[in-house]
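Below is one structure; the comments refer to it alone.
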Amino acid sequence: MKFKAKIASLKRLIARQQKERQKLVEQEARARKKWLAMFDKQNSDVDKLATIKVHGTLKERKLQQKVLGFAKKSVQMTETGRNKIRDKIKVLEEKLIQLGLELARLSEQQNSEVDVNNEIVTQVFALNGVVVRAAADLGDCLKRHVFPRLISDGKLCSQVSFYSADGLRRVIAMVNTMTIVRGDLANLAQAEIEKFFAKFQATDMDPNTKALFGLTKQILIEKTNFKVGPDLYRFLGMELDEGVFPELSLAQRYLRQSIRSEKTNSYIRIYERNSTTEKWSPVPQS
């Protein structure tokens, strides 16, 4: 913006100088035309004086005065008129050249700054996109592969660790509390569970289906907002056949999308070491 204002101001100054120069050019043209008219009259007077036949007359003396006075008038018209105007034009033209060079310099600086700013914006947006996609991928990975591993004997563990095959990298996932944060998805999940209820309530169920039926009753506790029930994590950790239990499979999908850790900053920690005999060192995550 600083270059934009300077360039605009400089262009206005150049426009004013060009307008002033045009006025001087027109003045110089009028002065030159006036001198040429006087020069033509001088030639005419010289011709008349050369062809006069009667000498000593008043007419001859006036013609002689005009012819002899031409040089003085010519100097006055050129030095005090036309030449001064030409000097002013020259000064203005030199100034316009300097202003033009300054405008070119500022324009080049502005273009360079625009390119730099554009590159900064492009890189920041691109890197931010990478961060957002990586965060989404990480969240999806944790929901799909970590949540089920946090369940042990139907209870939610406080943390679970994962190690690389060479023993040099470790991921610790921690969950303190989980909550339903999207009521719309919880509503959709509950609707699917109710479809499951309606489908089996009036029929005889085998023991496995009956156990699943009982489990679904403890998934959600609905008050003002949906709250986590005691069997939610067991339900999320189950492998449900979509063809056999389409309603519950869809409900499971909705619920996975609707939950998150309340403490996302401490949700996961990453460590590494150079050898299995060394201590673990935390890996920066932001």
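The values are calculated or read from the model by the stated rules, or taken from the named source; none is laboratory data. Bear in mind that the values here come from a model prediction, so they are computed numbers and not experimental data. Neighbour counts are summed over all protein chains in view; Cβ atoms, including those assigned to glycine, are modelled from backbone coordinates with ideal geometry.
Each row is one residue, and each column tells you yes or no for (1) in a helix (DSSP H, G or I); (2) modelled with pLDDT of 85 or more; (3) farther than 26 Å from LEU168 by Cβ.
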residue	(1), (2), (3)
VAL244	no, no, yes
LEU248	yes, no, yes
GLN252	yes, no, yes
ARG256	yes, no, yes
ASN265	yes, no, no
ILE270	no, yes, no
ASN274	no, yes, no
THR277	no, yes, no
SER286	no, no, no
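Do we find that PHE197 is part of a helix (DSSP H, G or I) and at pLDDT 65 or above in this structure?
yes
Restricting attention to region 60-75, the residues that are surrounded by 12 or more Cβ atoms within 10 Å (Cβ to Cβ) and either in contact with a Leu (Cβ under 9 Å, 6 or more places away or on another chain) or at pLDDT 75 or above (or both) add up to 6.
Residue-by-condition table, conditions (1) touching a Lys or Arg at 6+ places or on another chain (Cβ under 7 Å); (2) part of a helix (DSSP H, G or I); (3) in contact (Cβ under 8 Å) with a residue 60 or more places away in the chain:
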site	(1), (2), (3)
LEU13	no, yes, yes
GLN18	no, yes, yes
ARG61	no, yes, no
GLN64	no, yes, no
LEU101	no, yes, no
LEU106	yes, yes, yes
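For region 47-58, taking the residues that are assigned to a helix (DSSP H, G or I) and either at pLDDT 75 or above or small (Gly, Ala, Ser) (or both), the one that is surrounded by the fewest Cβ atoms within 10 Å (Cβ to Cβ) is identified as LEU58.
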